[in-house]
Amino acid sequence: MARVLIVEDEHRISSFLAKGLTADGFSTTVASDGHTGLDYVLTGDFDLVVLDIGLPGIDGFEVLRQMRAQGSALPVIVLTARDSVTDTVSALEGGADDYMAKPFRFAELLARVRLRLRQANDQSGGREDRLAVGSVALDLRTRQATVGGRVVDLSAREFKMAEIFLLNPGQVLSREQLLSFVWGYDFDPGSNVVDVYVGYLRRKFGAAAISTVRGMGYRFDG
């Protein structure tokens, strides 16, 4: 069971997150200020941190800075009400792995938690060499893709997008999630590049492989 530390001073939000994550099989611990959160990170046994920026005591930026300075490599998803490019970049450059602006949908946060835990497991050597959903398969070692056993050529970006889809089959991924995973934070949020690359994958995997969920994003059905 993965252990998630929630560092959030708004009780309504921390309770909502704890209940939702617990219902989905995670073990959760809540800290309501920056000092307590940092103590938990450095002395506890956790797999991921959900970290608010606007905390009493020391803010989330300082918690993150001290975490990384003291050698903690825990994946961190930052929550912030400050929906600005400057704060987003500051958090990511400070060592955050992902970010979400309030208000957010729990389903999207859950997808990001699962993704970051998988990536952390990959980096620790637990990565599977092959992903397969329906007729689509990816060999993560050779970077080769097949559809029904037939090899298809994918660019590096196409392969990366295919990878996140196959890691999250049946789940709706927002354009923001796809941009973050495939292009990092150095992108124009107004760009239609995600839609363009989804179109590329549909031509190679089949039009029915990826569904559009209006107003939310895309879902890989295989």
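Regarding the range 136-150, can at least one residue be identified that is among the β-branched types (Val, Ile, Thr), loosely packed, with under 14 Cβ neighbours inside 10 Å and modelled with pLDDT under 85?
Within the range 136-150 (the criterion being among the β-branched types (Val, Ile, Thr), loosely packed, with under 14 Cβ neighbours inside 10 Å and modelled with pLDDT under 85), the answer is yes, since at least one residue qualifies.
If you go through the range 43-81 one residue at a time, how many are out of contact with any helix residue (DSSP H, G or I) (no Cβ under 8 Å at 6 or more places or on another chain) and more than 18 Å from Arg112 (Cβ to Cβ)?
The total comes to 7.
Could you tell me how many of the residues in the range 70-83 are within 17 Å of His35 (Cβ to Cβ) and open to solvent by 80 Å² or more (accessible area, probe 1.4 Å)?
Residues meeting the conditions: 1.
Considering only residues that are among the acidic types (Asp, Glu) and more than 22 Å from the chain's Cα centre (by Cα), look in the range 27-46 and name the one that is most open to solvent (accessible area, probe 1.4 Å).
Filtering first and then ranking leaves Asp39.
Among the residues of the range 47-58, write down those that are surrounded by 18 or more Cβ atoms within 10 Å (Cβ to Cβ) and either touching a Phe, Trp or Tyr at 6+ places or on another chain (Cβ under 8 Å) or among the aliphatic types (A, V, I, L, M) (or both).
Hits for the range 47-58 are Leu48, Val49, Val50, Leu51, Ile53, Leu55.
Could you check the range 140-222 for helices (runs of 4 or more DSSP H) lying wholly inside it with 1 or more residues that are within 21 Å of Arg118 (Cβ to Cβ), over 20 Å from the mean Cα position of the chain (by Cα) and touching a residue at least 40 places away in the same chain (Cβ under 8 Å)?
In the range 140-222, 193-205 are the helices (runs of 4 or more DSSP H) which contain 1 or more residues that are within 21 Å of Arg118 (Cβ to Cβ), over 20 Å from the mean Cα position of the chain (by Cα) and touching a residue at least 40 places away in the same chain (Cβ under 8 Å).
The values are calculated or read from the model by the stated rules, or taken from the named source; none is laboratory data. Given the structure is predicted, the values throughout are model-derived calculations rather than measurements. Here Cβ is always computed from backbone atoms with ideal geometry, including for glycine, and neighbour counts include all displayed protein chains. For the accessible areas, the whole protein counts, side chains as well, though only heavy atoms, and no ligand, DNA or RNA atoms are used. Shrake-Rupley method; radii C 1.70, N 1.55, O 1.52, S 1.80 Å.
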